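Laboratory data are not the source of any read-out in this text; all were calculated from the coordinates shown. Here the structure is a predicted model, which means the values were calculated and not measured. Heads up, the Cβs are rebuilt from the backbone with ideal geometry, glycines too, and the neighbour counts pull from every protein chain shown.
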Amino acid sequence: MDYLTIIQILDSTVRLATPLLLTCLAGLFSERAGVVDIGLEGKLLAAAFLAGAAASVTGSIWIGLLAGVAGSLAFSMIHGLASITFKGDQLISGVALNFLAAGLTVVVGQSWFKLGGRTPSLPTDARFGEWNLPFSDALANVPFIGPLYHELISGHTALTYMALLAVPLSWWVLYRTRFGLRLRAVGENPSAVDTAGVSVVRLRFAALVIAGVLCGMAGTYLASLAAGFVKDMSAGRGYIALAALIFAKWRPWYALSATMLFGLLEAIGNRYQSITMGDFTIPVQFMQALPYILTVIILAGFVGKAIPPRAGGTPYVKER
Amino acid sequence: MNKMPKWADAVLIPLISILLAFLLSGLVIMAIGKDPVMAIKTMVQGAFGNSNNIGYTLYYTTNFIFTGLSVAVAYHARLFNIGSEGQAALGGLGVALVCLYVPWPHWAIALPAAMIGGAVFGAAWAFIPAYLQAKRGSHIVITTIMFNFIGSALIGYILLNYLKVPGSMSTESARFGAGAHLPTFHEMLAPFGIEFNKNAPVNVSFLIALLAAVGFYFLIWRTRLGYEIRAYGQSETAAKYAGINPVRIVVIAMLISGALSGLMAINNVMGEAERLIDNAVEGAGFIGIAVALMGRNHPIGIVLAALLFGFLYQGGGELSFWESIPRELVVVIQALVIMFTGALDNMVRAPLEKLFIALNKKKEA
Amino acid sequence: MSVQSEAGRQATAAPTASTAPIDAPAIELRGISKAFGPVQANKDISITVKKGTVHGIIGENGAGKSTLMSILYGFYKADAGTIHIKGQEVQIADSQAAISAGIGMVFQHFKLVENFTVLENVILGAEDGGLLKPSLAKARTLLKQLSDEYQLSVDPDALIEDLSVGHQQRVEILKALYRQADILILDEPTGVLTPAEADHLFRILEGLKEQGKTIILITHKLREIMEITDTVSVMRRGEMTATVQTADTTPEDLAELMVGRKVLLHVEKKPATPGAQILEIENLHVVDEQGVERVKGIDLHVRAGEILGICGVAGNGQTELLEVLGGYQNGTGTIRLNGEEIDLTGKNSDGQSRRARGISHVPEDRHDEGLILNFQAWENMVFGYHHAPEYQKNRFLMDNAAIKAMTQESMTKFDVRPPNPKLEAKSFSGGNQQKIVLAREIERNPDLLLIGQPTRGVDIGAIEFIHQQIVHLRDAGKAILLVSVELDEILSLSDRIAVMFDGKIMGERLPSETNEGELGLMMAGIAEENPGEAGQ
């Protein structure tokens, strides 16, 4: 494996990790506020569909982004209605939303475009362009640093850079602002927040709004990358992001590492159908399953214990 | 003190929830420019119009009874098993191995063996999440989701590398021997002079599923184990006080749950396909969640809910054929049913409770 | 969420106070009513509390005290009635409105974020501006002032989960003071405190009162009312039965007002005739799941025909002692029943084996342990004994008909009302629920009965019945280990009293040779050095 190959794999890692990272941060805000969100997958899918549809009709991916975010937000609000307003089961609501997205995208897509549930493919100018950072071309031929800068650091879409920026931003919001303090508190002990005169409902909805926006960005990214929407195109990424969230112990910087790791696994799996190590061959299916296997190992607590926010999963009911 | 009569809780609320779900589904159909009444007619015709259609409806119903019971057993122990999909897939592997590697002389011998194969593999796939939940507190919802993916990768690997017929293009196992062929309704009803369509996949597994539902009732409400499962599901601290071992209950409840999911494979793998194909479960495991929720985790409710989803599934297929409405419409309906019967329960319950309290007050006055 | 609104709110709270008439009462409630579905929790309640006084509200469990205070703190909206603060009518729609009106509340179960620091908990909801840094800095200074002023010292950077219960309570008080509360409501504040901590709390409250704060103390303990309040209101079944000056009343009068009739505070019983040693405990240690040592080497014994009462403030190891004996907590040491050692960690250490050996257990918490609230009475009547051969129809199925018949009989015998085996446990009153548990455990005819908080949340009528049943069982020659935080109950039921503090037995006393004062000191871990004092 030469240097350029490594750079290329890492470059593909960043590409593949971008939607995971955005989705993982979405889950982070939601779960830190005490709302468990296994509906990430559905939001991702809904956003990808609406983004693909809007971009193909208008020819602008940025309008696609607006549509994707709107769709994801709508799903977030249904989740809030069920799990916050009506104090329903968050897990069941999430499961239902995943199916709703899987079904609706195809039913509506077929009705709109008559393409068997896909959207028309997006031409290059209706997709996110790659941003070439300054001096990218000039430095391309400099040994070692050149490829690193040209291939890996430069040349990603705006959303990738936004996703990377979202990491320190999330950290800052969570740990340095009043909103973050309240958000973390509501995920740990909502009655403490409530008795302090702050609305639990509003905070949790605020968290879901953030989650909706981030998922919307991630879904739009997927639609742009694949040049349009196809049925079930999220392909379990919502669940991988959920796994990454556990892996990251619900912290922003760890979320970056976890999603990069899972992105790397996917990148390697895409490049090599099987990996041979001496006499032993690692099948591609193993690489695909590795994020899930790793998450189970983490959950089992054999490698560091992942402690979720204490109030996660339970609707807040005032005590008498 | 009771706010509502029992019948309202057990029948009225689910009924209203389902009506709401169907109402919304109707709106979806209208939104895509189709006629809901026409759609329902097509679906009813497609699901019950002739014995072929009925045969398909009951075939799907069989799958959903198994997965619905599977989800419900776990639910009684307050465990949310989202892993039925993977457990049923592994059950398929178990059934396939039993059917492929033993030259069975007759289905009556093959079936019990296949049932054991499916149940054991399904249970085994549920065991690790169960054990991790019981011993390490790893959230079973997450681990079972993960195991669905891991299971799907595992089946893909085994099919591709071990079970695939060499030279064949499709990733599926060889066809099972004739001795592993389960009698279909056509074959079962012919001796009685009843003509049932030859092509319909419904088979003797349907009766096994009904037996499983009866067994489920006795297990949950009449045996000590069922008593302990329900007690644990209601209150873990109380269960500990009563000398009920939480680890044992979690593991056993999940093993039964996984086994029931695995049993589904006698229907789809042994009964219908007669070979192992990739993604044989086709989402039946997830539909089990809707079936259990709608059926209020009671076998009668589950059988009825499974029948409803069998109808939706088969009718939905016909819908895509005749009305060019994608069969994913069924997934939408499934989602809405889960949403309304599961997560939005309070939306229906709270106004009803108020209504009943007002009625009671009137009665007293 | 702007900086402006936060600052503005705090600024406006003060002027309303200064414009109000000087002699206006701090709080006045007029005709408050509240129903939860069919249950009338508060019925036409009116109270007036003068500024700078301590006002007690006393009543049994379920009398409606907490509901009333929740209304005052904006948790519930009253169906009828008005609230006046410093002479002005206010609408308290939520906690925010209560805080703005100058009300602070210390709940029975603290409302603190466990993995936050003291400082973070104090500013939560009362931050200055959108960024934390300036808020934290300001709070640190202010907290120091408040701590010094009211003897409320806590480490501002400590995590809540690392603090003792008493210190956590101080954080709650600091939270209220930080929000400039001048009316402080405390809901059963001493339930989790040692007597020494409770004394310290009362000194803090005295200090607050001297500074002109108004304090409302909700409790069911007569002693606390007599000790600290200026005026006291009595609640019974959702109604306010009386409001009197504390100096003009006696504990006996208050007790009568609480329950509505003369109370028999002592139990009719003959002297005990202890027989053979039934239970012997030697050097028992218990370490809980968090790795905290809860029981630190205790020795105890109980004879046949004897009630050993264990008293102590909640959380000093009594619960764990009962759990070990009941078979659902690991312990080390030696426990013998009828002279035979019982398995503490091995295969036979579970609850089923304990029951088989003749140990019955009425647990401290009947809602979370003793009963499955959603199970019907007959299902609860075999809870823990569901493996007993007489309840089985055959190898596989339970004999539900036999269980129902047995339940019907037991319910009549133990006067459970209504005597309907098919009613869910949650539909019974506290007293009747306890009778179901008691019936189940006593009817097994155990050698040893463990019984924790037998009358917690139980109405007075049922208390007498339950006490009689316990004494009957003793007179039938059974050994009884009683754990209670109610000193009255311990003193009136026990034949011998052991005091537990910090996982250890502080000493044993005979009820005839001790009193509440001495036991109170022992419960605080003080009297250990002078065991002879009681005899002098």
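Observations
- Helical segments meeting 20 Å axial Cα length and Kyte-Doolittle 1.6 threshold in chain B (DSSP H): B:13-31, B:140-158, B:205-222, B:246-263
- An oblate overall shape is assigned to region A:47-139, the ratio a/c of its alpha-carbon gyration tensor axes (a ≥ b ≥ c) being 1.5 or greater and a/b not exceeding b/c.
- The tail of the calculated P(r) for chain B, taken as Cα-Cα distances beyond 31 Å, holds 39 percent of the pairs.
- Just so you know, the averaged projected area of the alpha carbon convex hull for region C:122-249 sits at 9.3 nm².
- Only lysines eight or more places from C:LYS175 in sequence, or on another chain, were considered; those with a Cα closer than 25 Å are A:LYS318, C:LYS50, C:LYS51, C:LYS65, C:LYS77, C:LYS86, C:LYS111, C:LYS133, C:LYS138, C:LYS144, C:LYS209, C:LYS213.
- Protection proxy ranking for B:144-151, A:273-280, B:69-76, C:248-255, using the average of other Cβ atoms within 10 Å per residue and placing the highest first: B:69-76, B:144-151, C:248-255, A:273-280.
- Kirkwood hydrodynamic radius over Cα pairs of region A:240-320, then Stokes diffusion coefficient at 20 °C and 1.002 mPa s, in µm²/s: 148 µm²/s
- Averaged over A:277-286, number of beta-carbon atoms from partner chains that fall within 10 Å: 3
- q = 0.16, 0.18, 0.20, 0.22 Å⁻¹, region B:92-210: log10 I(q)/I(0) [Debye, one scatterer per Cα]: -0.94, -1.06, -1.15, -1.22
- 10 Å Cβ neighbours from other chains, averaged over peptide C:369-376: 5
- For chain A, the membrane-span-like helices by this rule, meaning whole DSSP H stretches whose C-alpha atoms cover at least 27 Å of axis and whose Kyte-Doolittle mean is -1.0 or above, are A:3-32, A:61-80, A:90-113, A:200-225, A:252-271; this says nothing about an actual membrane.
- Highest-fluctuation residue, B:TRP104, B:TRP125, B:TRP322 considered, GNM on chain B with Cα pairs under 10 Å: B:TRP322
- Shown here is the pair-distance distribution of region C:82-140: with all Cα-Cα distances grouped in 5 Å bins from zero up to the longest one, the shares run 4, 16, 19, 19, 18, 13, 9, 3, 0 percent.
- Rg and Dmax over the alpha-carbon atoms of region C:3-259 stand at 18.0, 55 Å.
- Three principal axis lengths of region C:220-326 [C-alpha, angstrom, descending]: 50, 41, 24
- Highest mean packing comes first when the peptides A:230-236, B:269-275 are listed by Cβ atoms within 10 Å, giving B:269-275, A:230-236.
- Alpha carbon convex hull of region B:71-279, projected area averaged over orientations, nm²: 12.9 nm²
- Value of relative contact order over chain C, rounded to a whole percent, pairs C-alpha under 8 Å and six or more apart: 14 percent
- Integer Hz, Karplus 6.51/-1.76/1.60 couplings in order for region C:490-501, x for Gly and Pro: 4, 5, 7, 9, 6, 8, 8, 10, 10, 9, 10, 8
- A protection proxy built from the mean count of other Cβ atoms within 10 Å ranks the segments A:36-43, A:307-314, A:201-208, most packed first, as A:36-43, A:201-208, A:307-314.
- Relative contact order %, region B:71-279, counting alpha carbon pairs below 8 Å whose residues are six or more apart: 40 percent
- Spin-label model distance (nm) - B:VAL44 vs B:LYS354, 7 Å beyond Cα toward Cβ: 3.5 nm
- Tail beyond 17 Å, pair distance distribution of region B:1-66 (Cα, percent): 64 percent
- Percent of C-alpha pairs per 20 Å bin in the protein assembly as shown, short distances first: 10, 34, 36, 17, 3, 0.
- Within 10 Å of each Cβ in A:196-207, the average number of Cβ atoms from other chains: 3
- Where Rh is the Kirkwood radius over Cα pairs, Rg/Rh for chain C: 1.00
- Summed side-chain charge close to B:VAL250 - residues other than B:VAL250 whose Cβ falls under 13 Å, Lys, Arg +1, Asp, Glu -1: +3
- Couplings for region C:331-348, taken from phi via the Karplus curve 6.51 cos²θ - 1.76 cosθ + 1.60 with θ = phi - 60°, read x, 10, x, 10, 10, 10, 10, 6, x, 9, 5, 10, 6, 9, 10, x, 5, 9 Hz in order; Gly and Pro are left as x.
- Choice from A:GLY117, A:GLY94, A:GLY68 with maximal GNM fluctuation in chain A (Cα, 10 Å cutoff): A:GLY117
- Within straight-line reach of C:LYS296, meaning a Cα separation under 12 Å, sit the following aspartates and glutamates at least 8 residues removed in sequence or on another chain: C:GLU282, C:ASP288, C:GLU320, C:ASP502.
- Relative contact order [Cα under 8 Å, 6+ residues apart], chain B, whole percent: 34 percent
- If both residues of a DSSP beta bridge must be in the protein assembly as shown, then about 60% of such bridges are antiparallel.
- Cα-Cα P(r), region A:169-222, percent of pairs per 5 Å interval: 4, 20, 24, 22, 15, 8, 4, 2, 0
- P(r) weight above 24 Å for region B:203-347, C-alpha pairs, percent: 44 percent
- The mean of 1/r over all distinct Cα pairs in chain A, once inverted, gives the Kirkwood hydrodynamic radius of 20.3 Å.
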